[in-house]
Amino acid sequence: MKKILDVKNLCKSFEDTQVLNNIYFKVDEGEFIAIMGRSGSGKSTLLYSISGMDRPTSGNVLYFGKDISKLDDKKMSEIRLKHMGFIFQHSYLLKNLSIRDNIVLPGFKAGTLSREQVNQNANALMIKTGIDSVADHDIKKVSVGQLQRAAICRALINKPDVLFGDEPTGALNSSTTREVMDVINTVNAEGTTVIIVTHDAKVAARASRVIYLMDGNIHDELTLGKYEGAEKTKSSREKRLSEWLEKQGF
Amino acid sequence: MNWSIVRNDFLRNKVINLALLLFMMFSASLTILSVLMAVQTFTSISGLYKMAQPPHFVQMHKGEINQKKIDEFMSNYEDITCWQTDTMLDVYGENLTVVGKKGRYNLSDCRLDIGLVKQNKTKDLLLNSKHEKVTINEGEIGIPVLLKEMYGMKIGDHVILNGDGVTKEFVIKEYILDSMMNSPMVSSTRLLLSDKDFDKLQGKIGENEYLIKVYFSNTKEATEFQTAYENAGLPQNGQAVTYPIIFLLSALTDITTVFVLLQVSVLLIIVSFICVRFTIMAALEEEILEIGIMKAIGLPFADIRDIYLYKYRALAMAGVTAGYILALLLSGVVTKHTSAAFGGMGISTLAVLLSLVAGCLVFLLINYYCKAILKKIKKVTVVDALVTGKGFGKDKGGIKDGLYKSKRFSVNWLVGIREVFYKFKSWIMIFAVVLIAVMMIMVPVNLLNTFKAPEFITYMGSSLEDILIEIENGENLETGYANVKQLLQKDAAIENYYEYRSIRVKTIYAENKLMNLNIDCGINAGNELQYLTGKAPEGKNELALSYLYANEIGKRAGNKIELLFNNTKKEFVISGIYQDVTSGGYTAKSKYDFSGLVADKYSFSVNLKDNSEVGKKAEEWSKSLGAGVSVDPMKEFINQTLGGVAKQLGTIVFAIVIIGVALAMLITILFLKLRLAKDLSEIAVLKAVGFSEHDINKQYMIKIGYVSIIGILAGIILTDFLGVKIVNAALSITELGVKKIHLIVSPVMEYIICPLLLMVLILLVTRIVMRTIKKYNIISIIKE
């Protein structure tokens, strides 16, 4: 399996505060990684540093073997646009656009597919995530869960190699969390690598690997294997993860 | 507590507060400056007129004079309070040579008739800049400010008078203010000599010209008097001028400047209001949660409002005070012409008082406006502020979808154009400011262009040709006419020429009174003038009247008028009304030949085959035709008559262009700073989904550029439609006697240079401000 990300000796500091210390880890294509840790452990900083949203202070981030840590804004934007997708705790859709327009926007910008094709892909994604009925709605007129699913569709419109999520279910209730995570697992099952930061053990239990961060260092890792979705497996994964997290002091 | 909030806000939003302060300062400053200048102009003119006492009617005359007959007529005329006849020694520019620091030069290129005079005893005095009667000693000379400005003469320079075998040297002692002849638009100027020198020179050099001056108890008597005077057969070989024309020609420059300053200050106040509204709304929206909480805990509206009001009060106070100081510092520059032309002792108490009132009014206006905007706090509910997130905006809902339907349009253009198109209201500040900047720049520029354009002379009663030849009334009138005609017929350089004969007829006006009407007749009469109403006379029974005449006899275009001449009555139709400042403003034009009537004057308008020969030809003909015939190249004539107005206005217009452009740039910076602060999260999202900084820059450039283009177009349309109306409204308020001006637009300036300049500079500052997005940290913005 190809390595999609290879993080080497990654350090990040803000003024005098060292947030990440010499981080090393690799991500294989198709993996689903959950990054966990206490507040202030540096998990979001790690996510943004490896996704090119922020520059590491030192170290390298190799994306398919190419160092992206020192790319200029234009080149990095191009990679984010065409090869990476992002979802945040809130949907952050553009408020002057409808749900559909928000989704097609990065597709139009990338220009790799015809606009007709982008529209077709958007329709397919909306059907898959169950928001096709609100496609042309104002974003103020739909539910938070629908918004988050729209954000996932936007992140997936250019068929990214990797989907990054910073607490993607942080603002959702448990049933909406389930719906959103189902979509993410489906996307992952279709081959998209997923890396998310989460506080929620139930969410992390859906990942194939969990990285635990403490004081800016990778403290431990847990491999859970591929998520199958069956109720029985689900509870055993959750139990395993809980015990492991307890050991980490979470 | 409130003041500490104000202080903290100033420190937090330095750029925005500074920009606001600047607008308030400039608008207050310009308002105060225009008040200062208006008061100064009127007090200087009235001070000068009070002391100098210019005549209400003056008849210039060359030739024999019978003072006894004049005295007899005057003493029998009821409303006259006083009259006097002065003698002026007319000399030519080439008779005068100046030797000074600038070297040695003579005044041969001066197209004004130069007269040497001695000081009067009590009326029509020539004054110094302090409005004191000037006393000149033997060997000294007083130079009019007009000539000083034209030639740069200095006190102490020597003036050598040489002609008719006489040579006499004078030292310039004073610059003199001539209440009657202080404008280049008047055709004469007076140089003051001592009584002794004048008496010695009289009869030895130049030609005697008499100024028959009359004063009335009511200045409006002048026109009626003029008819009676002319009918009495009294001396009238020369120009007759009445008080309104003296005032018009004197004050035109300064009143135009006051108007331009006032227009700019009004526009600046509007801009300040737009800025204040935008910043208040931005602050309120940003602090909607705090406002909601304050309301929720029961703070009364007035208390919440005052937190914001204090800040704007403080800003307005500081802005108006700084504006006042700036206005006082700049007052010297804008009142320079007024002081030079009309004198005066610095800024008067009245000017200071009225400017203080103007400053207070600007402060109160801003204060009132802020209060009105802050009423929005009263209307917003706790639920709107804290729960629904509706805030101050009216939730109209209904976003415009359809971006997905676009087939080809570039995404950055799509995002930019759609935003402005569907959310124009949130960009209206840039639109309004660009529109105002265009108007602020273009109305004065067009006004300046109008004064500079050769065609302007056709709006003021003079036709436009290469050379104007006039034969003065006198014994040699017919000989002069024959000479000119002979010369013009022979000269192969001439393309065409038209001749005009000035005659005088009578007409009946109110209460069956007779009034003299001076008509220029000829086959081309009135053809090249611009008409306020109607058109040039065509048939032989048509007549065009000057505005002052039409006003006096209460006639309009299309009315009939009965003329009495050669013991017969003939009815004419008034074909049109035109504006005139020549020949005292009372003129008429007709194609009817009025044969049998004696000519008062002849004039010829000549066009040459080769325009570049004008100067040379005029000089050649002037020499060949000799005294009694004036030959003026029109360009030179226009330059000397209107050059002063254009020069003064040019300085002001230059400053206004700078202010206008700076205004558009500053507002763009202010707006973008506030807008970017508001759009922070959207920018972060765009960056996160893969839009580069370059893309985001481009989107904002498109948005600002698009709004600016609409603003520029609206500004140009409004300038074209309203510019003339604004100028003419101002003219009618000032009662200058000029009824209407057609603005002569400079297409290159209005349609190319001004829009391009504004666009380039606005986009430049947009680009500079957009650099700040480099510093934006997506993570911290998204995490907030």
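FYI, it's all coordinate maths here, none of it is from the lab. Just so you know, these numbers come straight off a predicted model, no measurement behind them. Please note: Cβ atoms are built from the backbone with ideal geometry, for glycine as well, and neighbour counts cover all protein chains shown.
Remark: the protein assembly as shown is approximated by an ellipsoid whose semi-axes, taken from the C-alpha gyration tensor as √(5λ), come to 84, 29, 26 Å, largest first.
Using a 10 Å cut-off around each Cβ, can you sort B:Arg12, A:Arg55, B:Arg7, B:Arg418 from fewest to most neighbouring Cβ atoms?
Fewest-to-most ranking of B:Arg12, A:Arg55, B:Arg7, B:Arg418: B:Arg12, B:Arg7, A:Arg55, B:Arg418.
Dividing the summed helix terms, -39500 (n - 2.57) for each DSSP H run of n ≥ 4, by the number of residues in chain B produces a 222 nm estimate of -17500 deg cm²/dmol to the nearest 500. Rounded to the nearest Hz, the phi-derived 3J(HN,Hα) couplings of the stretch A:56-73 under the Karplus curve 6.51 cos²θ - 1.76 cosθ + 1.60 (θ = phi - 60°) are x, 5, 8, x, 10, 10, 9, 10, 6, x, 9, 6, 9, 6, 10, 5, 6, 4, where x marks glycine and proline.
Between B:Cys82 and B:Thr122, the modelled labels are 0.5 nm apart [label points 7 Å from Cα along Cα→Cβ].
Extending 7 Å from the Cα toward the beta-carbon at both B:Ser217 and A:Arg240 defines two label points whose distance is 12.0 nm.
Hey, fewest Cβ within 10 Å first, where do B:Leu722, B:Leu330, B:Leu125, B:Leu116 land in order? Provide the component values of the computation, followed by the final result.
On the way: B:Leu722 13, B:Leu330 17, B:Leu125 21, B:Leu116 24.
Going from sparsest to densest Cβ surroundings: B:Leu722, B:Leu330, B:Leu125, B:Leu116.
Rounded to the nearest 0.05, the FRET efficiency derived from the C-beta distance between A:Ser174 and A:Asp136 at R0 = 25 Å is 0.30.
For the residue pairs A:Lys3/A:Lys43; B:Lys118/B:Lys204; B:Lys560/B:Lys725; A:Lys159/B:Lys407; A:Lys2/A:Lys239, the alpha carbons lie more than 24 Å apart in B:Lys560/B:Lys725; A:Lys2/A:Lys239. Spin-label pair B:Glu538-A:Lys247: with each label point 7 Å from Cα along the Cα-Cβ axis, the two points sit 10.9 nm from one another.
Our summary gives the stretch A:86-152 a relative contact order of 50 percent, counting only alpha carbon pairs under 8 angstrom and 6 or more residues apart. Mean Kyte-Doolittle hydropathy of 1.0 or higher plus an axial Cα length of 30 Å or more: which whole DSSP H helices in chain B meet both? Result, helices passing both filters: B:14-52, B:243-286, B:301-334, B:349-374, B:428-452, B:634-688. Counting beta carbons within 10 Å around each of B:Thr122, A:Thr177, A:Thr45 and listing the fewest first gives the order B:Thr122, A:Thr177, A:Thr45. State, as an integer percentage, the relative contact order of the stretch B:47-161 based on alpha-carbon contacts under 8 Å between residues 6 or more apart. Averaging sequence separation for qualifying contacts and normalising by length gives 32 percent for the stretch B:47-161. Greater than 30 Å separation of Cα atoms is the criterion. Which listed pairs, A:Lys109/B:Lys379; A:Lys128/A:Lys234; B:Lys371/B:Lys687; A:Lys226/B:Lys405; B:Lys121/B:Lys148, meet it? Long pairs (Cα-Cα over 30 Å): A:Lys109/B:Lys379; B:Lys371/B:Lys687; A:Lys226/B:Lys405.
By how many nm would the segment from B:Tyr310 to B:Tyr422 grow when fully extended, if each residue of separation counts as 0.36 nm and the alpha-carbon distance is taken off?
Numbers: separation 112, 0.36 × 112 = 40.32 nm, distance 3.49 nm.
My answer for the length gained is 36.8 nm.
Remark on A:Gln89: its backbone amide H falls under 5 Å from those of A:Asp166, a criterion applied only to residues 5 or more positions apart or on other chains, H modelled at 1.01 Å from N.
Here are some pairs, B:Lys513/B:Lys569; B:Lys513/B:Lys555; B:Lys133/B:Lys173; A:Lys74/B:Lys698; B:Lys69/B:Lys213; which of them have Cα atoms lying more than 18 Å apart in this structure? Each step should come with its number before you reach the end.
Details: B:Lys513/B:Lys569 15 Å; B:Lys513/B:Lys555 15 Å; B:Lys133/B:Lys173 13 Å; A:Lys74/B:Lys698 13 Å; B:Lys69/B:Lys213 15 Å.
From the list (B:Lys513/B:Lys569; B:Lys513/B:Lys555; B:Lys133/B:Lys173; A:Lys74/B:Lys698; B:Lys69/B:Lys213), the Cα-Cα distance tops 18 Å for no pair.
Once R0 is set to 30 Å, what does the formula 1/(1 + (r/R0)^6) return for the Cβ-Cβ distance between A:Glu15 and B:Leu289, expressed as a FRET efficiency to the nearest 0.05? Show your work: numbers first, answer last.
Values: r = 29 Å, r/R0 = 0.96.
It comes out at approximately 0.55.
Relative contact order for the stretch B:85-218: 35 percent, from Cα pairs under 8 Å spaced at least 6 residues apart, divided by residue count. Could you tell me what percent of the DSSP beta bridges with both partners in the stretch B:85-218 are antiparallel, to the nearest 5? Around 70 percent of the beta bridges assigned by DSSP in the stretch B:85-218 are antiparallel ones.
Inter-chain neighbour count for A:170-179: the average number of beta-carbon atoms from partner chains within 10 Å of each residue's beta-carbon is 0. The calculated FRET efficiency for B:Ile297 paired with B:Phe654, based on their beta-carbon distance and R0 = 51 Å, is about 0.35.
Computed from point charges on the beta carbon alone (+1 for Lys and Arg, -1 for Asp and Glu), the dipole magnitude for the stretch B:85-218 about its Cα centre is near 380 Debye.
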